[in-house]
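Okay, so here's the structure we're looking at.
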Amino acid sequence: MSVINKYFNKVLDFLFPPSCPICGAPVESHGHLCGDCWSCFEWIDGPHCVCCGYPFPDDYEPDSNAMCPVCAAGKNELDFIRAACIYDDMSRSVMLPFKHGGRIKFARFMSHAMIWALRDVDIKPDIVIPVPLANRRLFHRGYNQATLLAREISRVYNAPIDYDSVHRLYRPNMGHKTHAERARNIRGVFSVMDTGKIRGKKILLVDDVMTSGATFDELARVLRRAGAVAVYGVVFCRVVRAD
């Protein structure tokens, strides 16, 4: 960072003191959560599936290659997936306003948490692809929340964001559908517009939330058909099935 940038940032911090994006409490730097808000999330910080990151019970002591039943059965299309936290009341209270209410200031701490979620895997993605929105939904919302999350992740991994190699058709919202219904609903919605930009590449997919994994699975299948050699995924939060 240049001397000018450092000075400019100090001026900004003086004029606009850093505050927690959720509660407004003072924090050390912009975009960070205060300790109280951080402690309200159920971060995935214990034993988990080596493939999809699904959290195991805290008292479970798996070996280093332990998989959840879904991944052990070969039903996960990605090389691996990671999520920062569990989808619950707290994460939903942040994710929904960020996704639908224009609270884009949440993007910074969410993306930092997602980078933290990738701490146990050694990857060097060639490109980062935010899960695309259909044009109709993008026009209505005004932004793609996955793109906002992908910016900091792209910078940290020094991998460019690919905004336009994959096109998505519009389908009705998948809320409250079963896993099988989601899988059927998502079939055929993605198409690769330029296989030359995908062929031979290791790709990191970015999204805000994972419910059943159907979106990631379908996108991974399409990317592999276009020649991708590896497909990874990272989300801010994921739904965890009740035991």
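Brief remarks on what is shown
- For the range 144-243, the alpha-carbon coordinates run over 37, 27, 24 Å along the three principal axes, in decreasing order.
- Restricting the range 40-84 to chymotrypsin sites (Phe, Trp or Tyr not before Pro) that sit in a DSSP loop and have at most 14 other Cβ atoms within 10 Å of their own Cβ leaves 60.
- At R0 = 25 Å, FRET efficiency that the Cβ-Cβ distance of residue 64 and residue 88 yields, to 0.05: 0.35
- Distance between the 7 Å Cα→Cβ label points at residue 136 and residue 178: 2.6 nm.
- Residues 147, 178, 195, ranked from the fewest to the most other C-beta atoms within 10 Å, line up as 178, 195, 147.
- For residue 169 and residue 202, the FRET efficiency from 1/(1 + (r/R0)^6), where r spans their Cβ atoms and R0 equals 22 Å, is about 0.30.
- Between the range 144-164 and the range 124-140, the C-alpha centres lie 9 angstrom from each other.
- Among 212, 148, 81 the positive-end extreme of the charge dipole of the chain (Cβ point charges): 148
Throughout, read-outs are computed from the coordinates displayed, never taken from laboratory work. What you are looking at is a predicted structure, and each value in this text was computed from that prediction instead of being measured. Virtual Cβ from ideal backbone geometry, glycine too; neighbours counted across all protein chains shown.
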